[in-house]
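Down below is the structure, laid out as structure tokens.
The values are calculated or read from the model by the stated rules, or taken from the named source; none is laboratory data. Bear in mind the structure is a predicted one, so any value in this text is a computation, not a measurement. Glycine gets a Cβ as well: all are built from the backbone with ideal geometry, and neighbour counts include every protein chain shown.
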Amino acid sequence: MTALFSQLLREAAADFGTIPAVEISHLHHYAWASGDYNPIHYDAQVAQSMGLDRPIVHGMFTLGLLHKAMFAAARGAPYRIHSIEGKFLGMLFHGEPMRLTGKVFRREADEAVVWVDLSSKVEGPDASVPSRGVCNLRFELRRVPTL
Amino acid sequence: MARLESLTADLVGRRYPEFKFEITEGWLRDYKEALFFSPEEVADASFVPQSFIACLRDAEFHVFEALGISLSQLLHAAQKYEFVRDLRVSDHIVCRATLSSLKKKEGRAGAMAFLEITNEFYRELPSGGEELCIRTGMTVVVRQPAGVSP
């Protein structure tokens, strides 16, 4: 079990660290792999015509990155991700790193089911600018039999 | 572009044509590379990330097309997943989409419709049957096309 996951279970909260910024080349690659070719995600002119400063990261890409972070944290732990409920709170622009924080908000049946809220935020350039919420995922982790 | 008036309550419960997918090694590799998985995970053909399901969206896109909704009218508000069984490489998957909820609201930015599309992904079995692997729910906000007064 990862140290991060042990801490999450023990202290009911853990800092999942930072996900590096997604760049335009990554957005092209994701569009190709996922089949989501909405140009708002890679064409600066289209993004501007929609009133945005620059292209935004696909919501499903962001969600995939958070999902992967939880999967990596739970690696080696006797839990499997059974369900996820996610809300998109704000846009993530390319070039913006996300800070992830995990919190256990419910435990059931002697920890056979553990619910974790994983939130992602873009931090402001300095302490005077509040961080901006991007995406919140609620994971239902179910214990699986160990060999 | 769909006007919100065309999105009526009788659409709730409507089922849309099924879409079929084969999970190929190449497709998986592309997805894992795009999501920055490690070289070992990318090379491991037996490793199918749960989030790969985000690539199997033709059924959802078809619903938008059938309703005349343009991507530029849409905001992705929420997403749900239930992972009943893990996907495997070489699986043949059938996806069936249903329009499961439709609510209209008057917001500060004008009228909006909240649509939920439920997708069920089944694995086709060699015996001819199928088994449910993943259920997803996608909630989108549909805005009135520009130039249409509320």
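Summary of computed values
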item: Matching residues, the stretch A:45-66, being surrounded by 15 or more Cβ atoms within 10 Å (Cβ to Cβ) and in a helix (DSSP H, G or I); result: A:46, A:47, A:59, A:60, A:61, A:62, A:63, A:64, A:65, A:66
item: Evaluation of residue A:82 against (1) over 15 Å from the mean Cα position of the chain (by Cα); (2) closer than 18 Å to residue B:78 by Cα; (3) modelled with pLDDT under 95 (one fails), failing number; result: (3)
item: Unique match (being within 10 Å of another protein chain (Cβ to nearest Cβ), in contact (Cβ under 8 Å) with a residue 60 or more places away in the chain and among the hydrophobic types (A, V, I, L, M, F, W, C)) among B:75, B:67; result: B:75
item: Cβ pairs under 6 Å, 6+ apart, first in the stretch A:129-143 and surrounded by fewer than 17 Cβ atoms within 10 Å (Cβ to Cβ), second of a type in the set (S, T, N, Q); result: none
item: Contacts under 6 angstrom Cβ, first residue in the stretch A:67-94 being over 28 Å from residue A:25 (Cβ atoms), partner at pLDDT below 95 and polar (S, T, N, Q), 6 or more apart; result: A:78/A:146
item: Selection status of residue B:136, touching a Gly at 6+ places or on another chain (Cβ under 9 Å), of a type outside the set (Phe, Trp, Tyr) and touching a residue at least 12 places away in the same chain (Cβ under 8 Å); result: no
item: Qualifying residue in the stretch B:25-44 (condition: more than 14 Å from chain A (Cβ to nearest Cβ) and part of a helix (DSSP H, G or I)); result: yes
item: Unique match (being in contact with an Asp or Glu (Cβ under 7 Å, 6 or more places away or on another chain), among the β-branched types (Val, Ile, Thr) and free of Cβ contacts under 8 Å to residues at least 40 places away in the same chain) among B:42, B:89; result: B:42
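Condition check ((1) at pLDDT below 95; (2) within 11 Å of another protein chain (Cβ to nearest Cβ); (3) buried (at least 22 other Cβ atoms within 10 Å of the Cβ)) across all residues:
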| site | (1), (2), (3) |
| --- | --- |
| A:35 | yes, yes, no |
| A:40 | yes, yes, no |
| A:68 | no, yes, no |
| A:75 | yes, yes, no |
| A:103 | no, no, no |
